[in-house]
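Here is the structure we will look at.
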Amino acid sequence: MSLIRYQTPDTSVWRSLDRWANLRDEINSFFESPSWTSPVSQAQLFNGWAPAVDIYQTNDDVVAVVELPGMRKEDIELSLHDGILTIGGERKEEGAEGDKTARTERFVGRFRRSISLPTRVDSNNVKAAYKDGILTVTLPKAEEVKPKQIQVNVS
Amino acid sequence: METLVRENRRQKGTNGQGATERFVAPVATVSENTDGYTLQVEMPGVNKEGLEMWVENNELTILGRRSLPTVAGTIVHRESRQENFRRTFELDPSIDAGKISATIEQGLVTLVLPKAEQVKPRKITVS
């Protein structure tokens, strides 16, 4: 029997994986996007929108905090598959016909962002809350990855 | 003049407070119709209490202080900026500064700036 020393997970590897996920998303959305014609969306095609994501870890949970200003709750799509949390949705063009847009910096259209979670999570008990334009997703860690105390028995 | 709002990038100290505080410029969209202009500014983490706007010398300044959710535990990946938001726009002379109204919903500030003849300095309250 061998004992393996506990090591903090290497988040730098995980970050680079995340970068690949972004690239994949961008390529996918490039082919999915039907709006080649409008110059505005064409410009955004290459910039895209990757909402800022912060990830926290507690003993029991992984928490993702995502900046999604000005969305409707119904337009936010959240899914979890194979340890990858995907946040997507659509922000629709607002305003009446005939409005001239003098300056457009806000992203309009579909977006998607995938995040590889640092540990396995219990997908049945994920909670999400949306307040002040910030989405907070709480993902409880799977039982087997939670830190546990081990009782030492003296024989 | 075509545009409502020309951005004013000169960042001067506001109301003599926190001259050294750093801000980030929020993302904004401006649209125009016959009645006036609509200005939308993205300020995630800002609510009504943290929002402050004023018009001074024909310049509109929007300042948003974030009240971010506090998460216990350690951060393992960060992309968000911690600074508060501030951005200043120069108002088109056609705008009636006294009639500007604002709402904030899910971190998105929407300002309606109706067109009029005269331009007066005035503090804006959040409805």
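The values are calculated or read from the model by the stated rules, or taken from the named source; none is laboratory data. Because the structure is a prediction, the values reported are computed rather than measured. Using ideal geometry, Cβ is built from the backbone for each residue, glycine included, and neighbour counts are taken over all protein chains shown.
Some observations on this one:
- Positions within the range A:104-155 being among the acidic types (D, E) and surrounded by fewer than 20 Cβ atoms within 10 Å (Cβ to Cβ), in sequence order: A:E105, A:D122, A:E143, A:E144
- Test: residue in the range A:4-25 that is under 29 Å from A:K127 (Cβ atoms), in contact with a helix residue (DSSP H, G or I) (Cβ under 7 Å, 6 or more places away or on another chain), modelled with pLDDT under 80 and more than 10 Å from chain B (Cβ to nearest Cβ): no
- The range B:18-34: number of residues that are more than 14 Å from chain A (Cβ to nearest Cβ) and modelled with pLDDT of 85 or more: 2
- Residue ID - surrounded by the most Cβ atoms within 10 Å (Cβ to Cβ), chosen from residues in the range B:81-102 that are at pLDDT below 90 and assigned to a loop (DSSP other than H, G, I, E, B): B:D92
- Once the range B:35-86 is narrowed to residues that are closer than 14 Å to B:A25 by Cβ and among the acidic types (D, E), the residue that is nearest to the other protein chains (Cβ to nearest Cβ) is B:E42.
- Condition check for A:K92: surrounded by fewer than 17 Cβ atoms within 10 Å (Cβ to Cβ), modelled with pLDDT under 85 and at the interface with another protein chain (Cβ under 8 Å from one of its Cβ atoms): no
- Any hit, the range A:92-101, residues being within 17 Å of A:V53 (Cα to Cα), out of contact with any Leu (no Cβ under 6 Å at 6 or more places or on another chain) and not aliphatic (A, V, I, L, M): no
- Test for B:L63: is it in contact with a Phe, Trp or Tyr (Cβ under 8 Å, 6 or more places away or on another chain), crowded, with 18+ Cβ neighbours inside 10 Å and more than 29 Å from A:D61 (Cα to Cα): yes
- Every test in (1) in a strand (DSSP E or B); (2) more than 26 Å from B:R65 (Cβ to Cβ) is passed by A:V152 save one, and that test is (1).
- Counted as qualifying within the range A:70-147 are the strands (runs of 3 or more DSSP E) with 3 or more residues that are under 23 Å from B:A25 (Cβ atoms), namely A:100-104, A:109-116.
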